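The block underneath contains the structure these notes are about, expressed in structure tokens.
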Amino acid sequence: MSIIDKVQASKNTTATFRKQRTGAERPAWEEEPSALGRAGKVIILVMVVLAVLGPLYTIVLTSISSQATITRAGGLVLIPGEISFAAYQQILDGGVVTRAVLVSVGVTATGTFISMVVSILCAYGLSRPGSFAHTPILFTLLITMFFSAGIIPAYLLVSGLGLINSYWALILPGAVSVFNIIILRGFFMGIDKGILESARIDGASEWRTLSQIVLPMSKAVTAVIALFYGVGYWNAFFNAVLYINDSAKNPLQVVLRSYVLQGVSVPGQVDVGTGAAAGPALQMAVIVLATIPILLVYPFVQKHFTKGVMIGAVKG
């Protein structure tokens, strides 16, 4: 039996075990939930959903409302009125926000790719018994989880590397998370050692074992870690505040912070009565633009979320 057949057999066995567990009866120590308990769960879930969707509804509705509707509502719109997409047209008309979106997309894509490559290679090396300097490297990584040099030494390091006012300053300082490496390492260590030994017997190198066996079996955990890194890069603004002096290189979160929290006027904003979008509509539109990418990506990763994190944590 080839190594590919063994991997497929392992997947089939796992699928059969899941079906058996799904079809199994409720364990004796788990009582049947009462009608009151089920009703309580429904009420709590409904309250949580309303708490999440309520502000989101208000933000989206305000961003697509006309200036007259926002004026009548006194700011945030709760009841739909006249619909207008002037805010989105205004901020995406090749201005500051458009460039900030492009910067954020580029930084997130590049940073997530670099972080995943480094984290996967590091985690796989640390998961193999007898790897070079295994214990000292792992111990050094763990120390950085609890102790850090601080902002000033970090700034001096970035400055010494010549990264001030560079896009790399938004990526490299936070490119690797030890927490994510530990999760990946725990998952890799939980892979059946017989499969890896069979690969070595068949003559597979470590690179081929990682790329053709380990990674295809680790789609859940890699998807979750990629989501962690992607969300981190997309939401990051502190590095830009520290290291970026040119406002044209600011990511979307810095623009969002300036327009929404600090009340800075959006360039090109026109006074009332000219047909341009009102200030609240512009601010809410920027918030929507900053939220949409995460809302679009998360549903595709959600099915792997619990499995990826729990398996990596338990088996690590």
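The values are calculated or read from the model by the stated rules, or taken from the named source; none is laboratory data. No experiment lies behind these values; they were computed from the predicted model shown. Heads up, the Cβs are rebuilt from the backbone with ideal geometry, glycines too, and the neighbour counts pull from every protein chain shown.
Among the residues of the stretch 115-134, those that are of a type outside the set (Gly, Ala, Ser) and not in a loop (DSSP other than H, G, I, E, B) comprise 116, 117, 118, 120, 121, 122, 124, 126, 134.
Give the stretch 174-194 a look and list any residue that's of a type in the set (A, V, I, L, M), modelled with pLDDT of 85 or more and farther than 19 Å from residue 140 by Cα, or say none.
From the stretch 174-194, those of a type in the set (A, V, I, L, M) are 175-176, 178, 181-184, 189, 191; that's our starting set.
Right, trim to modelled with pLDDT of 85 or more and you get 175-176, 178, 181-184, 189.
The answer is 189, and nothing else.
Consider the stretch 148-167 and keep the residues that are under 24 Å from the mean Cα position of the chain (by Cα) and within 20 Å of residue 177 (Cα to Cα). The one that is surrounded by the most Cβ atoms within 10 Å (Cβ to Cβ) is 167. Selection of first residues in the stretch 67-85 that are free of Cβ contacts under 8 Å to residues at least 12 places away in the same chain and loosely packed, with under 11 Cβ neighbours inside 10 Å and of second residues that are among the charged types (D, E, K, R) and in a loop (DSSP other than H, G, I, E, B), restricted to Cβ pairs under 8 Å at least 6 apart or on distinct chains, gives an empty result. Evaluation of residue 148 against the conditions (1) modelled with pLDDT of 85 or more; (2) part of a loop (DSSP other than H, G, I, E, B) shows that the sole unmet condition is (1). Restricting attention to the stretch 191-234, the residues that are of a type outside the set (Phe, Trp, Tyr) and touching a residue at least 40 places away in the same chain (Cβ under 8 Å) total 26. Among residues of the stretch 134-159 that are more than 19 Å from residue 119 (Cα to Cα), those with a beta-carbon under 9 Å from a residue that is polar (S, T, N, Q) at least six positions away or on a different chain give the pairs 154/148; 158/166; 158/239. Could you figure out which of (1) closer than 30 Å to residue 286 by Cβ; (2) within 22 Å of the chain's Cα centre (by Cα); (3) in contact (Cβ under 8 Å) with a residue 24 or more places away in the chain isn't true of residue 257? Among (1) closer than 30 Å to residue 286 by Cβ; (2) within 22 Å of the chain's Cα centre (by Cα); (3) in contact (Cβ under 8 Å) with a residue 24 or more places away in the chain, residue 257 violates only (3).
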